[in-house]
Amino acid sequence: MKPFADNEIAEIRSHFPALHQKVYGKPFVYLDNAATTQKPQAVIDRLVAYYSLENSNIHRGVHYLSQQATQAYEDARQTVADFINASAANQIIFTKGTTESVNLLAGSLRQFYLLEGDAVLITGMEHHSNLVPWQQVCKQNQAELLVAALNDKGETDLDHFAELLDKKPKLAAITHISNALGSVNPVKEMIRMAHEKGVPVLVDGAQAVAHTSIDVQELDCDFFVFSGHKMFGPMGIGVLYAKAFWLQKMPPWQFGGEMVDQVSFEETTFNQLPFKFEAGTPNVAGVLGLKTAIDFLKQYDMEVIAKHENQLMQQALEKLLTIPGMRLIGEAENRAGVISFVVDGTHPSDIGTLVDKMGVAVRTGHHCAQPVMTRFDVPGTVRASFALYNSLADVEGLFQAVKKAVMMLR
Ligand code: PMP
């Protein structure tokens, strides 16, 4: 399977207005996709259309607009379920993003499942969003947080992961792809290992959904979370997928309208799935925009996207490694379109500030993964991250800008 040809990239880029602007008078090179992706015109148009003509609250209204919006919202749930191959749409809970999805899960499990003396297992490469909620639950409930170590390449040490599974944690919460290192965890294998010991698994798919196809039934994960804005959708919308068994057992996390069935001053019964977990007025526009983003993404073959991003990453690596003092942080055998680096004698944030003035958007800092920075003994890194619309010209732009910045700083 071949990566995208130049004319295909030009066609893809034509859908993204943000990519065609100039920044400081320079062509815009956007390589901060791990933080958030740009939006295709179709997604922007969907939000405008909803607020222009379709705006109404859902599920409760008898009027035309409310019924239309309810139908569109529930259709979108089915689109999301199909996208990750969930067996039923009511296993898809809409949240405001990966962070809220993890908090929902932690907030629910802590009430009945993660109790005193229990343990939660994570890996050493987790984003703060899949670390702090578990750490806090463990603190509140006198449970233990177990952390599978990383090797020097930035891969999870699977022997250590297996050793920690022997301690019988009640949950393993693992990222699919590290936002700080680009390392791809062998999640299918890790889920198999965990299930062998009877341990359910949450996969943080925030960095995976726009770069690799996801089949939650094939992975057999118990929970899967992701954010719309990292896959060309709007901000403020995300997903928690869970196996039906868990959703039925889990108590609600937030209370209010929509998630209830019968309410009196004495008693409340809760709504059926998935509404039990969607208290209050949801982000209808966000859900519709997410559906449009998925429809956009489905036009392309995920394997081709992955190949394209991988090729750009390899080309960027070859060029960047010619810069004296260049040091990669994270050299996993299996990695997705993220390059994290430091350059001896310079500070990452100085490089980021200088390349920005040359029109190149990268991320600098700890990337919400401070323990990863501690593991590799760096204050932070410069991170370039790729998406399907990036081109060889972006790679060249990155290389020239970093080379110039390093020369200016030395
Ligand atoms: N997990 C990973 C791996 C991420 O990259 C991110 C976002 N950088 C998150 C979780 C949190 O996502 P959000 O901020 O959209 O909730």
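The values are calculated or read from the model by the stated rules, or taken from the named source; none is laboratory data. All of these numbers come straight from a predicted model, not from anything done at the bench. Heads up, the Cβs are rebuilt from the backbone with ideal geometry, glycines too, and the neighbour counts pull from every protein chain shown. Side chains are part of the model used for accessible areas, which takes the heavy atoms of the whole protein and leaves out ligands, DNA and RNA. Shrake-Rupley method; radii C 1.70, N 1.55, O 1.52, S 1.80 Å.
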Ranking 368, 405, 73 by how far each Cα lies towards the positive end of the charge dipole of the chain (+1 on Lys and Arg Cβ, -1 on Asp and Glu Cβ), the top one is 405
In terms of the alpha carbon gyration tensor, root eigenvalues a ≥ b ≥ c, rounded if a/c is under 1.5 and otherwise prolate when a/b exceeds b/c or oblate, region 211-285 is oblate
Highest mean packing first, using Cβ neighbours within 10 angstrom, the peptides 84-90, 96-102 sort as 96-102, 84-90
accessible surface per residue for the chain, probe 1.4 Å, DNA/RNA/ligands not counted, whole Å² -> 42
Lys and Arg at +1, Asp and Glu at -1: neighbours of residue 393 with Cβ under 11 Å from its Cβ sum to -2
Region 45-297: antiparallel bridges as % of DSSP beta bridges, rounded to 5, reads 45
Order by accessible surface, 1.4 Å probe, largest leading, for residues 222, 356, 45 comes to 45, 356, 222
Counting only DSSP beta bridges with both partners in region 62-175, the antiparallel fraction in percent, to the nearest 5, comes to 10
Calculated from DSSP helices alone, with each H run of at least 4 adding -39500 (n - 2.57) and the total divided by the residues of the chain, [θ]222 nm to the nearest 500 comes to -11500 deg cm²/dmol
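Determine the dipole magnitude for region 45-297: charges of +1 sit on the beta-carbon of Lys and Arg, -1 on that of Asp and Glu, nothing else is charged, the reference point is the Cα centre, and the result goes in debye to the nearest 20.
On the way: 18 positive and 29 negative charges, 58 e Å.
In total the dipole reaches around 280 debye.
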Restricting to lysines and to Cα separations under 20 Å from residue 357, and discarding same-chain partners fewer than 8 apart, the set is 22, 26, 403, 404
By accessible area (1.4 Å), largest first, 192, 60, 46 order as 60, 192, 46
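Protein chains only, probe 1.4 Å: how do 227, 213 rank by accessible area, largest first? Before the final figure, lay out the partial values.
Details: 227 5, 213 85 Å².
Highest to lowest solvent-accessible surface, that is 213, 227.
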Restricting to lysines and to Cα separations under 21 Å from residue 2, and discarding same-chain partners fewer than 8 apart, the set is 298, 307
Of 93, 12, 305, the most mobile residue in a GNM of the chain (C-alpha springs, cutoff 10 Å) is 12
Answer in debye to the nearest 20: the dipole magnitude of region 27-153 about its Cα centre, from +1 Lys/Arg and -1 Asp/Glu charges placed on Cβ, is 220
Applying the span-like rule to the chain (DSSP H, Cα extent along axis at least 24 Å, Kyte-Doolittle mean at least -1.0) gives 64-83, 302-320, 392-409
Where a ≥ b ≥ c are root eigenvalues of the Cα gyration tensor, a/c under 1.5 meaning rounded, otherwise prolate if a/b exceeds b/c and oblate otherwise, the chain counts as oblate
Straight-line reach check, residue 96, cutoff 19 Å on alpha carbons, 8 or more apart in-chain or any other chain, hits among lysines -> 39, 230, 276, 291
In the chain the accessible area split gives carbon plus sulfur, as whole percent at 1.4 Å, a share of 52
Placing +1 on each Lys and Arg Cβ and -1 on each Asp and Glu Cβ in region 260-303, then taking the dipole about the Cα centre, the residue among 286, 299, 273 whose Cα reaches farthest towards the positive end is 299
